[in-house]
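Asks: Structure incoming, see below.
The values are calculated or read from the model by the stated rules, or taken from the named source; none is laboratory data. All figures in this text were calculated on a predicted structure; none of them were measured in a lab. Cβ placement follows ideal geometry from the backbone for every residue including glycine, while neighbour counts extend to all protein chains displayed.
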Amino acid sequence: MSSIERVTVIGAGTMGAGIAELCATRGVLVKLFDLSAEVASSARQGALARCDRRVEKGSLERTEREAIAARFVNTSDLRDAVQDTQIVIEAVPEDMTLKVKVLKSALEQAPTTALFASNTSSLSITELGSRLGVPERVIGLHFFNPPPVMPLIEIVRGLSTHADVLAKASAFVAQLGKEQIVVNDSPGFATSRLGVILGAEAMRMLETGVAGVADIDRALELGYRHPMGPLKLTDLVGLDVRLAILDHLTREIGEQFRAPVLLRQLVRAGKLGKKSGVGFYVWTEQGPVPNPELAR
Ligand code: CAA
């Protein structure tokens, strides 16, 4: 199967920016679209700043850094972003109506051969494909934060996803140097369903005073060799993102996914984790320290 050369990423938030960085690093020309030119531009600058640090450390050649910069284009013009693309990857917030809206616009302007992928963590690929009117061309490509580093991409097959689209997506994941699992469309797929239940239980333990933030995280970091405890990971992913997944899974699967009150309160307070500076931790220049507001 011929390799993918041109990809469009829609949405330059944490995940979209990381997915674009991964593509450019792996030799793919990527156009990162965001309605805000400023957001798209700062995503590109962030990726290149990380490349600069790797050049300083000696883990990246300067010529390769320049090649990555040339392959990473940011734009706020959707036609320019999709007109000759082979794969569109949507990474906008977890709202089905919003996803349908942006992908419909992209669909109207992209080549008819382009494949449409969503980075949704939990929403239905089958519904997305059906609402776009091209269910055979739609698939889930679920990346993990930070996308350039994490080894897995979860491929989600909708009810009507065409076998050729699955094969193309699978080859693309291999081209990106990632491992893959293929799951059938279902609420939260495999990874989010497992991940959020662990995070929610950690929050309930914090609420009921079983232990403090740092000790709950150390339980899994040291006791189970997780690279990051469930509360710190929630901060990395974004408390709002996790809350949206839990609410969706409560509606779709049941009460075991009911979001802890503490999580909802923190989101209402704008304490969204690393991206806002405060969540279960306060993110200082020196690194994360447990949020003193949550000490009991
Ligand atoms: N973007 C790009 N590269 C990054 C990065 C980022 N945001 N953060 C770290 N890196 C790179 C560093 O540049 C470094 O690269 P080099 O080795 O080439 O120098 C490498 O990653 C290691 O970085 P650090 O030494 O700074 O940090 P670390 O060894 O402590 O690892 C971590 C950091 C990879 C985040 C690690 O703590 C980890 O694996 N944590 C768990 C992450 C996780 O579980 N993610 C999944 C979340 S769930 C999700 O995303 C799905 C969803 O639907 C919500």
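Asks: For the subset of the stretch 253-268 comprising residues that are surrounded by 15 or more Cβ atoms within 10 Å (Cβ to Cβ) and in contact with a Ser or Thr (Cβ under 9 Å, 6 or more places away or on another chain), which member is farthest from ARG193 (Cα to Cα)?
Replies: LEU263
Asks: Let me ask another. Under the condition of being in a loop (DSSP other than H, G, I, E, B) and of a type in the set (Ser, Thr, Tyr), which residue from the stretch 19-76 is surrounded by the most Cβ atoms within 10 Å (Cβ to Cβ)?
Replies: Step one: filter the stretch 19-76 for residues in a loop (DSSP other than H, G, I, E, B), giving 26-28, 34-36, 58-61, 76.
Narrowing further to those that are of a type in the set (Ser, Thr, Tyr): 36, 59, 76.
Numbers: SER36: 10, SER59: 9, SER76: 17.
Per the criteria, the residue is SER76.
Asks: Answer yes or no as to whether ALA69 is within 16 Å of the ligand (Cβ to nearest atom), under 12 Å from GLY11 (Cα atoms) and not β-branched (Val, Ile, Thr).
Replies: On the way: within 16 Å of the ligand (Cβ to nearest atom): yes; under 12 Å from GLY11 (Cα atoms): no; not β-branched (Val, Ile, Thr): yes.
Considered against the rule, which asks whether it is within 16 Å of the ligand (Cβ to nearest atom), under 12 Å from GLY11 (Cα atoms) and not β-branched (Val, Ile, Thr), ALA69 comes out as no.
Asks: Under 7 Å between Cβ atoms, which residue pairs at least 6 apart in sequence (or on different chains) link something in the stretch 54-71 that is under 12 Å from THR25 (Cβ atoms) with a partner that is among the small types (Gly, Ala, Ser) and in a helix (DSSP H, G or I)?
Replies: As it stands, the answer is ILE68/ALA24; ARG71/ALA24, since those pairs meet every condition given.
Asks: Now, a different point. So, of the residues in the stretch 222-232 that are surrounded by fewer than 19 Cβ atoms within 10 Å (Cβ to Cβ) and under 22 Å from the mean Cα position of the chain (by Cα), which turns out to be farthest from the ligand (Cβ to nearest atom)? Reasoning before the result, please.
Replies: Initial filter on the stretch 222-232 (surrounded by fewer than 19 Cβ atoms within 10 Å (Cβ to Cβ)): 222-228.
Going one step further and asking which of them are under 22 Å from the mean Cα position of the chain (by Cα), we end up with 226-228.
Working: HIS226: 7, PRO227: 4, MET228: 4 Å.
Within the stretch 222-232, the match that is farthest from the ligand (Cβ to nearest atom) is HIS226.
Asks: Within the stretch 140-174, restricting attention to residues that are among the β-branched types (Val, Ile, Thr) and within 16 Å of the ligand (Cβ to nearest atom), which residue is surrounded by the fewest Cβ atoms within 10 Å (Cβ to Cβ)? I'd like the intermediate steps shown before the answer.
Replies: The first filter runs over the stretch 140-174 and keeps only residues among the β-branched types (Val, Ile, Thr), leaving 149, 153, 155-156, 161, 165, 173.
Narrowing the set further to residues that are within 16 Å of the ligand (Cβ to nearest atom) leaves 149, 153, 155-156, 173.
Details: VAL149: 10, ILE153: 25, ILE155: 21, VAL156: 30, VAL173: 20.
Residue satisfying both the conditions and the ranking: VAL149.
Asks: Within the bounds of the stretch 269-286, is there any residue that is surrounded by 15 or more Cβ atoms within 10 Å (Cβ to Cβ), in a helix (DSSP H, G or I) and hydrophobic (A, V, I, L, M, F, W, C)? Lay out the reasoning, then the answer.
Replies: Let us first name the residues in the stretch 269-286 that are surrounded by 15 or more Cβ atoms within 10 Å (Cβ to Cβ), namely 271-276, 278-283.
Narrowing the set further to residues that are in a helix (DSSP H, G or I) leaves none.
Within the stretch 269-286 (the criterion being surrounded by 15 or more Cβ atoms within 10 Å (Cβ to Cβ), in a helix (DSSP H, G or I) and hydrophobic (A, V, I, L, M, F, W, C)), the answer is no, since none of the residues qualifies.
Asks: Counting only residues that are more than 14 Å from the ligand (Cβ to nearest atom) and among the aliphatic types (A, V, I, L, M), which one in the stretch 212-221 is farthest from PHE257 (Cα to Cα)?
Replies: Only one residue tops the list, namely ALA214.
Asks: Are any residues in the stretch 1-58 within 16 Å of the ligand (Cβ to nearest atom) and basic (Lys, Arg), and if so, which ones?
Replies: Once the filter is applied, which keeps residues that are within 16 Å of the ligand (Cβ to nearest atom) and basic (Lys, Arg), the stretch 1-58 yields ARG26, ARG44, ARG50, ARG53, ARG54, LYS57.
Asks: Taking only pairs six or more apart or across chains, which ones have beta-carbon atoms under 8 Å, a first residue in the stretch 31-50 that is acidic (Asp, Glu), and a second residue that is within 14 Å of the ligand (Cβ to nearest atom) and assigned to a helix (DSSP H, G or I)?
Replies: Pairs that qualify, where the first residue is acidic (Asp, Glu) and the partner is within 14 Å of the ligand (Cβ to nearest atom) and assigned to a helix (DSSP H, G or I), are ASP34/GLY16; ASP34/ALA43.
Asks: Now for a different question. Hey, does the stretch 80-95 have a residue that's over 30 Å from ARG242 (Cα atoms), in contact with an Asp or Glu (Cβ under 8 Å, 6 or more places away or on another chain) and surrounded by 19 or more Cβ atoms within 10 Å (Cβ to Cβ)? Lay out the reasoning, then the answer.
Replies: Going residue by residue through the stretch 80-95, those that are over 30 Å from ARG242 (Cα atoms) are 80, 83-86.
This time we only want the ones that are in contact with an Asp or Glu (Cβ under 8 Å, 6 or more places away or on another chain), so: 86.
So of that shortlist, the ones also surrounded by 19 or more Cβ atoms within 10 Å (Cβ to Cβ) come out as 86.
Yes; the residues of the stretch 80-95 include at least one that is over 30 Å from ARG242 (Cα atoms), in contact with an Asp or Glu (Cβ under 8 Å, 6 or more places away or on another chain) and surrounded by 19 or more Cβ atoms within 10 Å (Cβ to Cβ).
Asks: Filter the stretch 103-162 down to residues that are assigned to a strand (DSSP E or B) and of a type in the set (Val, Ile, Thr) and give me whichever is farthest from ILE245 (Cα to Cα).
Replies: So the first thing to find is which residues in the stretch 103-162 are assigned to a strand (DSSP E or B), and the list is 115-118, 138-142, 152-157.
So of that shortlist, the ones also of a type in the set (Val, Ile, Thr) come out as 138-139, 153, 155-156.
Values: VAL138: 21, ILE139: 19, ILE153: 18, ILE155: 18, VAL156: 16 Å.
Here the answer is VAL138.
Asks: Kindly provide the set of residues from the stretch 233-255 that are more than 14 Å from LEU266 (Cβ to Cβ) and within 11 Å of the ligand (Cβ to nearest atom), ordered by number. Steps first, answer last, please.
Replies: The first filter runs over the stretch 233-255 and keeps only residues more than 14 Å from LEU266 (Cβ to Cβ), leaving 233, 236, 245, 247-255.
Matches in the stretch 233-255: LEU233, LEU236, ILE245.
Asks: If the requirement is being touching a residue at least 40 places away in the same chain (Cβ under 8 Å), surrounded by fewer than 15 Cβ atoms within 10 Å (Cβ to Cβ) and within 16 Å of the ligand (Cβ to nearest atom), which of these qualifies: GLY209, GLY177, GLY188, GLY199?
Replies: Numbers: GLY209 fails: within 16 Å of the ligand (Cβ to nearest atom); GLY188 fails: surrounded by fewer than 15 Cβ atoms within 10 Å (Cβ to Cβ); GLY199 fails: surrounded by fewer than 15 Cβ atoms within 10 Å (Cβ to Cβ).
Unique residue meeting the criteria: GLY177.
Asks: If you scan the stretch 87-112, which residues turn out to be of a type in the set (D, E, K, R), modelled with pLDDT of 95 or more and farther than 13 Å from GLY129 by Cβ?
Replies: Our first condition is that a residue be of a type in the set (D, E, K, R); within the stretch 87-112, this holds for 90, 94-95, 99, 101, 104, 108.
So of that shortlist, the ones also modelled with pLDDT of 95 or more come out as 90, 99, 101, 104, 108.
Passing the criteria: LYS101, GLU108.
Asks: Moving on to the next point. Quick one: what pairs do we get from the stretch 132-150, first residue more than 13 Å from VAL237 (Cα to Cα), second among the charged types (D, E, K, R), C-beta under 6 Å, 6+ apart or different chains?
Replies: Listed pairs, sorted by first residue: HIS142/GLU154; PRO148/GLU21.
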